[in-house]
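Read-outs throughout are calculated quantities, based only on the coordinates presented, and are distinct from any laboratory measurement. As the structure is a prediction and not an experimental result, all values here were calculated from the model. Ideal geometry is used to build each Cβ from the backbone, glycine not excepted, and the neighbour counts take in all protein chains shown.
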Amino acid sequence: MGLFFAAVALFWSAQLMGKDASPVAAKREESGDAPRRVLVISIPDRKLALTEDGRVLKIYSVAVGATVTPSPSGSMKIVNKVMNPTWYYHGKVVAPGKSNPLGDRWMGLSENGYGIHGTNVPNSIGKAASHGCIRMGKRDVEELFSLVQVGDAVEIHGERDEQLVALFSTQDVMTASSATPATTTAAAPRVNSTSIAIATAMMEEAGSGE
């Protein structure tokens with residue numbers, strides 16, 4: 001009987017320890033112990049830097065807004081991630097595929113109507129050519145999509161300063177493939193996230209694909 005009660009006591013102790021683990025993990029995550037990723041975009045440099053805890057992981061070339069349709073500047077965050085988005089504009093519908101102006105990845109920003117996405121005009125990368133969004137090449141946007149998650153911060157700078165110059169001149173850059181992928185992916189996005197992405201896309205790349 002003594003062995004029986006000892007086994008029961010061990011079982012309940014394990015259960016209690018298991019229940020305590022989740023709140024502790026949640027508190028740790030809320031306290032900011034988890035890696036903090038920030039996407040820093042320089043409009044004049046037409047580049048995007050993926051940083052983690054202040055360390056540059058990868059720098060990508062991007063397309064930014066044209067003069068008549070400039071990209072917004074300021075602090076934002078990623079609000080949704082959608083794979084193979086459908087593009088809608090004024091009754092026009094473009095299904096996922098090679099002709100889709102959004103490419104095969106969409107990362108919506110908290111600045112309504114804007115996002116980071118692929119493109120069906122790859123030669124626009126490195127230019128001021130979009131209708132305000134941040135365009136990326138196919139491989140680059142797919143890689144970035146796998147490394148970031150909803151809630152990550154995005155900082156878009158319209159002018160260079162000393163910190164920005166130092167950031168984009170760094171030589172100590174890892175390959176993004178060696179970075180730790182985000183724990184949250186959007187392989188199966190919820191319907192509401194897809195709807196948000198579609199609505200923002202409708203406001204953004206009008207006439208894209210030229």
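Key figures for this structure:
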| item | result |
| --- | --- |
| Normalised alpha carbon radius of gyration of segment 101-164 [divisor 2.2 N^0.38 Å] | 1.14 |
| For E52, E143, order by how many other beta-carbon atoms lie within 10 Å, fewest first | E52, E143 |
| Euclidean distance between Cα centres, segment 125-151 to segment 41-114, Å | 5 |
